[in-house]
Amino acid sequence: MMPIRVAGAVVEPVSVPELRGYLRLDPDDATEDDLLAGLIAAARSEVEAETRRILVPGTWRMVLDRLPADGRVPVPLSPLVALVRAGFSAADGGITEFAAGSASLAADRIEAPGLLFAAIPDAAGRAVLVDLVAGYGGDGPPIPPPLRLAVLRRAAARYEHRGDDAFSDGADLASATAPFRRLRL
């Protein structure tokens with residue numbers, strides 16, 4: 001049940017001009033913009049892995065081989081924003097959608113994101129497909145300032161220490177993101 005990103009343009013939580021300003025680089029010199037954009041994407045990815053939260057909005061698909069008896073399915077995407085659709089896989093590759101109200105998001109969409117299923121017919125060997133919108137920004141909650149700052153600081157540290165093999169600022173990343181880390185039990 002690994003979610004797969006199926007749609008959504010990635011708009012980074014920190015822009016290249018913001019990082020250039022943070023680094024006190026010449027605002028008119030765009031020669032390193034590709035490098036800065038790559039550092040921002042890498043820093044965002046590291047913060048997402050550290051916190052187990054999605055920092056950019058997008059649509060995700062999950063495929064379930066069966067539904068649990070209690071109807072609750074934990075979702076490894078936080079924050080959850082919306083349930084786009086849920087249904088059985090159809091022979092033509094589409095989705096035979098469930099009736100309205102058969103699937104819904106759990107109450108806590110950030111700390112304990114999940115799906116609730118009620119009155120679903122037997123799957124009879126068909127997979128359950130679920131499309132969800134998740135992530136900060138867009139229609140979701142705004143990205144918390146400490147997480148945005150963690151991306152900015154991580155990208156800046158990578159820029160300042162580019163080429164240094166022994167560089168590691170994992171302690172800084174861990175301390176900045178610790179209040180937002182979702183723990184797995």
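The values are calculated or read from the model by the stated rules, or taken from the named source; none is laboratory data. This is a predicted model, so every value here is computed, not measured. Using ideal geometry, Cβ is built from the backbone for each residue, glycine included, and neighbour counts are taken over all protein chains shown. SASA here: full protein model, heavy atoms, side chains in, ligands and nucleic acids out. Shrake-Rupley method; radii C 1.70, N 1.55, O 1.52, S 1.80 Å.
Explain nothing, just the number: dipole magnitude of the chain about its Cα centre with +1 on each Lys and Arg Cβ and -1 on each Asp and Glu Cβ, in debye rounded to the nearest 20.
Here the size comes out at about 720 debye.
What is the packing order of peptides 126-132, 51-57, taking the mean over residues of other C-beta atoms within 10 Å and listing the highest first?
The densest-packed peptide leads the list: 51-57, 126-132.
Which is farthest toward the positive dipole end of the chain among ALA9, GLY135, LEU67, measuring Cα position about the Cα centre, with Cβ charges +1 (Lys, Arg) and -1 (Asp, Glu)?
LEU67
Using only Cα atoms, find the angle between the long axis of helix 145-160 and the longest principal axis of the chain, and express it within 0 to 90 degrees, rounded to the nearest 10.
Approximately 50 degrees, to the nearest ten.
Cα convex hull of the chain: mean projected area in nm², to one decimal?
13.2
Give me, ordered by chain and number, the residues 5 or more places off VAL81 or on other chains with an amide H under 5 Å from its own placed amide H.
For VAL81, the qualifying residues are VAL133, ALA134, GLY135.
Please report the projected area of segment 1-106's Cα convex hull averaged over all directions, in nm².
So the Cα hull casts an average projection of 9.4 nm².
Do you know the relative contact order of segment 6-117, to the nearest whole percent, from alpha carbon pairs under 8 angstrom that are 6+ apart?
It rounds to 23 percent for segment 6-117.
How much accessible area per residue does segment 1-96 have, in Å², with a 1.4 Å probe?
Per-residue accessible area for segment 1-96 comes out at 53 Å².
Can you give the Rg to Rh ratio for segment 1-59, taking only C-alpha atoms and Rh from Kirkwood?
Over the Cα atoms of segment 1-59, Rg/Rh equals 1.06.
Report, please, the projected area of segment 57-125 averaged over directions, based on the convex hull of its C-alpha atoms, in nm².
Approximately 5.0 nm², given one-decimal rounding.
Sort MET2, MET62 by heavy-atom solvent-accessible area, probe 1.4 angstrom, most to least.
Highest to lowest solvent-accessible surface, that is MET2, MET62.
If I fit a long axis through the Cα atoms of helix 33-51 and take the longest principal axis of the Cα atoms of the chain, what angle between them do I get, 0 to 90°, rounded to 10?
Once rounded, the angle reads 50 degrees.
Any idea of GLU111's accessible area? Nearest 10 Å², probe 1.4 Å.
My reading of the accessible area for GLU111 is about 100 Å².
Along the charge dipole of the chain, Cβ charges K/R +1 and D/E -1, which of LEU19, LEU80, LEU149 sits furthest on the positive end?
Most positive-ward Cα: LEU80.
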